[in-house]
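See structure below.
The numbers here are math on the coordinates, done by the rules we state, and not lab data. Just so you know, these numbers come straight off a predicted model, no measurement behind them. Note that we place each Cβ from the backbone using ideal geometry, even for glycine, and neighbour counts take in every protein chain shown.
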Amino acid sequence: MRMKEVGYEVEQLVMEDLVNALLAERFFEEHHNVELLSRVEWEAIVRSDAVMQAIHSQFDFAHEQVHVYRWSLGSEQKGTVVFPVQPAIVQSYRILASAGMYEARQIEDQVSVTRLGPVELMRHLQDLYAHDPITIHPDSAEQFKRMLGETLLQTSWALENAQPKKVLALPAKAAFLEAERKAAFRDRPFHPVSKAKLGWGSEECRRYTIEHGQAIQLNWMAVKRERLVSGQPNGPSPMTGLLSDEERHLLETEMSERGLSTDEYVPIPVHPWQMAEILPNLLHVELAQGKCVPLQSQVGTYSATSSVRSLLPVGKGTHHVKLPIGIRSLGGLRYLSAVKLMNGQCAERLLRQGVERDTELRNRLFLCDETQWWAYLPESRDLFADYPRHLSAMVRQYPADLLADEEVRLVPMSVLAVFERGGAGHLFDEWLSILGQEQSEAAILQLCKEVFLPFLEISFRLFQLGMMPEIHGQNVVLVWRKGEITGLLLRDHDSLRVHVPWLCANGLEDPRYTLRPGVPESLYHQTPENLLSFFQMLGIHVNSYGMIDAVSKYYGVEEEKLWRVLLESIEQAMKRADLPDEVTVVLRACLLEKAEWPWKEVIRPLVKQHAKVPSSMPYSKGEAQNPFHAMSRVLTS
């Protein structure tokens, strides 16, 4: 694809995500200077306004349900911004992406019309809220515009590479790598700045992101045992799972030659960028005192995944490693704190106890082992100090029986939100080919159901136990075996949310998470409804709708039909899960009866004044229409 074409594609993709997020979070709806016009009202204005006539000529109004947003840029700028929208299922309106957003200005007798890009739009929005620093803080707005600029750049660098054409037909390990690689081309669906990795430029993105396919050599830091906290204090060294015998021998030889006894020091893997750019400044005292000793050996060949800080082995190894990286992504530092690792271990223990209480979960839900981890602590042993966030490692073990089964393919659900026209297509192409089926609408809808049913049933079974994992598409892995989804695999357990009364009712206990005093948290929920809200936001709005949106755009299947399949799957999954009446009542009320659903806001928390306490990701919750209620309204409006 030529660079000009790449640039247009990237801008259109980012602009669509940005405007739709702004619409969902009601930035336009809540401002008195912005008006929403019906098609009749718009056409009446166009007949008498030369400026609006100039914009109108840019739009294709073949869609009967089109409305138009319009706002004046003010007397000084003498401009007007206009963009068309249409009623939607997941939110009230979504931008008519093919039409775009335009700014018109009249200077004397001349009218100029300019198509806006993401950064220009945010500049105008910042001006619109200039007298409301609570909603849009000037410093945060500047940072957000920088993130948009980086997203445009880094997405264009990613699209220099073609998506994988094959996933399921490859051997198991290669299939997992290629599925991760394909998933990275979309990253977090609908998040307008998900691609931005602040702190990395062109060279770093090409070296350390999976789209570019470059291998990464692990660096190593020998750390005094007395300064480490570990998930398994008497367990194996990180070298054991991550390195071959030959690589381990090289590392051990260097440590021996430098007088670094393994009785006193533990070699900790470090991302090469972190070793070069972050730790020399952060740990300069420890380095000078010999508490931390950088090793020269670069051993262990790994690849990034769609999550840049989680790496998978390129060679024969089976253990993955998660490392902190001092860049900002999704509005937070990609660190890996001791507290997160500790809480993840507590959550995993609870998950495993819950699985044992349900035969179906025992047979169909698999968990990564995330209990092997190490984190550096300062002399004060302060779990909330800056140090443990930047020198740590977690060795992730995938279930051995899944890795040993060559008929199994591990497929992150996030890959289903990705497609490439005229190239690698969608994963369903390959799936249908393996099944020997044509790409008919019926076959596509059936595959969606094949994905939705196990995902929903397992989620509901966990919910009835009083817990809900962070089930966006990156954390949930489909266990695909000979054309069928036979189970789910969960990873990244540190955000398992709980409702303690339901845990206790099922013979389970409070996981006793370690929490920063005085800081809002979202792991404990006082009501089951609040617990379920994270399933609605991450499991439906992000994960399931990511697939629905991609399938609708790529195969041309009406979005309403895909939502209908999801609705039918919810009804069927509730029956299959054999839930207690109390749980069914909550599910039906929240998913099917209430007019409003919770909505995970992604822009409002980023453009507000940022909190002083470090956060992995700024968070706030809004409201959206119930998509199952909206289906009929959209069809008849």
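Backbone geometry of the stretch 80-86 corresponds, through the Karplus equation with coefficients 6.51, -1.76 and 1.60 at θ = phi - 60°, to 3J(HN,Hα) couplings of 9, 10, 9, 8, x, 9, 9 Hz, x marking Gly and Pro. Taking label positions 7 Å along the Cα-Cβ direction at both Leu36 and Ala400, the computed distance is 5.7 nm, reported to one decimal. The slack in the chain from Val585 to Lys561, taken as 0.36 nm per residue of separation less the alpha-carbon distance, amounts to 6.1 nm. Between Leu198 and Asn161, the FRET efficiency estimated from the beta carbon spacing at R0 = 25 angstrom works out to 0.70. Quick check on the stretch 1-136: take the gyration tensor over C-alpha atoms, sort the square-rooted eigenvalues as a ≥ b ≥ c, and tell me if it's rounded (a/c under 1.5), prolate or oblate. Rounded. When the pairs Lys173/Lys482; Lys594/Lys621; Lys166/Lys482; Lys449/Lys575; Lys575/Lys600 are compared against a 20 Å limit on Cα-Cα distance, Lys575/Lys600 fall above it. Here the stretch 405-475 is assigned +1 on the Cβ of each Lys and Arg and -1 on the Cβ of each Asp and Glu. Its dipole about the Cα centre then comes out at about 280 debye.
Express in whole angstrom the spacing between the alpha-carbon centres of the stretch 509-583 and the stretch 99-175. Taking the Cα centre of the stretch 99-175 as reference, the centre of the stretch 509-583 is 28 Å away. A crude spin-label estimate for the pair Ala50 and Lys449, with each label 7 Å from Cα along the Cβ direction, gives 6.0 nm.
Of interest is the spacing of the C-alpha centroids, which for the stretch 342-421 and the stretch 209-227 amounts to 18 Å. Looking at the chain, the DSSP beta bridges with both ends there are about 95 percent antiparallel.
The residue list Leu490, Trp220, Leu478 was ranked by how far each Cα lies along the charge dipole of the chain toward its positive end, using unit charges on Cβ atoms, and Trp220 comes out on top. Applying 1/(1 + (r/R0)^6) with r as the Cβ-Cβ distance of Arg258 and Ala215 and R0 = 25 angstrom yields a FRET efficiency of 0.45. For the stretch 331-414, the list of GluC sites (Glu not before Pro) that fall in a loop by DSSP and count at most 12 other C-beta atoms within 10 angstrom reads Glu356, Glu379, Glu406, Glu407.
Going toward the positive end of the dipole of the stretch 403-635, with +1 on Lys and Arg Cβ and -1 on Asp and Glu Cβ, which of Val565, Thr584, Leu515 do you reach last? Result: Leu515, furthest along the dipole toward the positive end. Where only DSSP H runs of four or more residues are counted, the chain gives -11500 deg cm²/dmol as its mean residue ellipticity at 222 nm, each run worth -39500 (n - 2.57).
Dipole magnitude for the chain: computed about the Cα centre from +1 point charges on Lys and Arg Cβ and -1 point charges on Asp and Glu Cβ, it is near 700 debye. Distance between the pseudo-spin-label points of Glu571 and Lys594 (7 Å out from Cα toward the beta carbon): 2.2 nm.
When only alpha carbons are used to place a centre, the stretch 474-494 and the stretch 430-471 end up 10 Å from one another. In the set (i) 25.4, 85; (ii) 26.4, 95; (iii) 31.9, 105, the label that goes with Rg and Dmax of the Cα atoms in Å computed for this structure is (i).
Candidate cross-link partners of Lys224 among the aspartates and glutamates, defined by an alpha-carbon separation under 12 Å and a same-chain spacing of 8 or more, comprise Asp263, Glu264, Glu286, Glu379.
Segment Asn281..Thr135, full-extension length gain: 49.0 nm, with 0.36 nm per residue of separation and the alpha-carbon distance subtracted. Which residues in the stretch 476-494 have a backbone N closer than 15 Å to a point placed 7 Å from the Cα of Glu360 along the Cα-to-Cβ line? Correct set: 486-488. If R0 is taken as 60 Å, the Cβ-Cβ distance between Glu407 and Lys78 corresponds to a FRET efficiency of 0.35. Basic side chains Lys and Arg get +1 at the Cβ, acidic Asp and Glu get -1 at the Cβ, and with that the dipole of the stretch 272-398 about its Cα centre reaches some 260 debye.
Only one residue of Met547, His319, Thr114 has its Cα farthest out toward the positive end of the dipole of the chain, where Lys and Arg carry +1 and Asp and Glu -1 on Cβ, and that residue is His319.
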